[in-house]
Amino acid sequence: MSMSLAENQGANGEEDLSYEALSQLEDVKVPASEDKIAKLPRDVITSAEQAAREGKCSVCQLEYEKGDTLMTLPCGHKFHEDCVTQWLQNYSKKCPYCKEDV
C-alpha cells in the first residue's frame with residue numbers, strides 16, 4: 001500500500017519518508033541542457049594504441065575502437081559521444097560514473 005507524502009508525516013510535521021518513497025525520488029530525471037551538452041569537448045580516437053589506453057565506455061561497456069568519438073565531461077571521465085549524450089539528454093545531468101554535475 002502506497003502513501004502520499006501528505007499522509008506520511010511524522011509527529012513533528014516533517015515528512016517521514018519510507019524506503020519505498022525515498023527510492024522513488026532517485027528516479028526523478030534531471031537532464032542536462034542541450035547548450036551544455038553541445039559545449040562539451042569531443043575527441044576522435046586515431047589509433048588502436050589510443051583506444052587500448054582509453055579502455056571502455058562505462059555506459060555501454062564496449063571497448064573503444066579507432067574512429068570512435070569520445071566526449072569528456074568536466075570531471076574528466078570519457079564516454080562514447082552517443083552513449084553519454086543519451087544519458088545526459090534523457091536521464092541525468094550528472095556523470096554516469098562519479099555523479100559530478102556537468
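Brief remarks on what is shown
- Here the calculated FRET efficiency for GLN86 and SER18, from their Cβ-Cβ distance with R0 = 41 Å, stands at 0.85, rounded to the nearest 0.05.
- Most to least packed among 33-44, 78-89, 50-61 [average Cβ atoms within 10 Å]: 78-89, 50-61, 33-44
- Given LYS39/LYS66; LYS56/LYS94; LYS66/LYS94; LYS29/LYS66, the pairs whose alpha carbons are separated by over 25 Å: LYS66/LYS94; LYS29/LYS66
- Backbone phi angles across segment 88-98, fed through the Karplus curve with coefficients 6.51, -1.76 and 1.60 (θ = phi - 60°), yield HN-Hα couplings of 5, 6, 10, 10, 8, 8, 10, 4, x, 9, 10 Hz in residue order; Gly and Pro are listed as x.
- Taking other residues whose beta carbon is less than 13 angstrom from the beta carbon of HIS80, and scoring Lys, Arg as +1 and Asp, Glu as -1, yields -4.
- Taking amide H atoms as placed 1.01 Å from N in the peptide plane, the amide H of TYR64 lies under 5 Å from those of GLY55, LYS56, CYS57, each 5 or more residues away in sequence or on another chain.
Here, each number is a calculation from the coordinates, and none is a lab measurement. These numbers were taken from a predicted model, which means no experiment stands behind them. Glycine also receives a Cβ, built like all others from the backbone with ideal geometry; neighbour counts cover every protein chain displayed.
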